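Notes to accompany the following structure.
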Amino acid sequence: MKNSRRKFTSAFKATVAIEALKERESLAELSNRFEVHPNMISKWKKEFLENASAAFEGKKTDEREYDADRLYAKIGQLEIENDFLKKLQENSDYEATERTC
């Protein structure tokens, strides 16, 4: 029977890399604990360190544009609702003044 290749989530890889960075356990101990080859742990640790600066960078341009588009749409919706409510209020004020006259 063929062993299928295991796939690890990025959260799992980050956890293993952080544990490796702490250096409280050797690679062999971490390997046994997480059931991963020591070379993989070293690779994930190196990759984690190379990409650590991305955690402190701002949002990507695409995400900012998406947020801006979403906010503009919300503003438009609120303006329409506000105009509608103003018209309702004007009509009710007009009807109230007609009744009193």
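Read the figures in this text as sums done on the coordinates, not as results from a lab. In this text, all values refer to a predicted model and were calculated from it rather than measured experimentally. Methodologically, a virtual Cβ is constructed for each residue, glycine included, from the backbone with ideal geometry; neighbour enumeration extends over all protein chains shown.
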On the given criteria, is residue 16 outside any helix (DSSP H, G or I), touching a helix residue (DSSP H, G or I) at 6+ places or on another chain (Cβ under 9 Å) and touching a residue at least 12 places away in the same chain (Cβ under 8 Å)?
no
Hits in segment 25-43 - residues which are of a type outside the set (Gly, Ala, Ser) and not in a helix (DSSP H, G or I):
25, 35, 36, 37
Return yes when residue 35 is exposed (fewer than 10 other Cβ atoms within 10 Å of the Cβ), at positive phi and not basic (Lys, Arg) and no when it is not.
yes
Here the residues within segment 1-30 that are surrounded by 11 or more Cβ atoms within 10 Å (Cβ to Cβ) and either within 15 Å of residue 48 (Cα to Cα) or in contact with a strand residue (DSSP E or B) (Cβ under 9 Å, 6 or more places away or on another chain) (or both) are 8, 12, 13, 14, 15, 16, 17, 18, 19, 20, 21
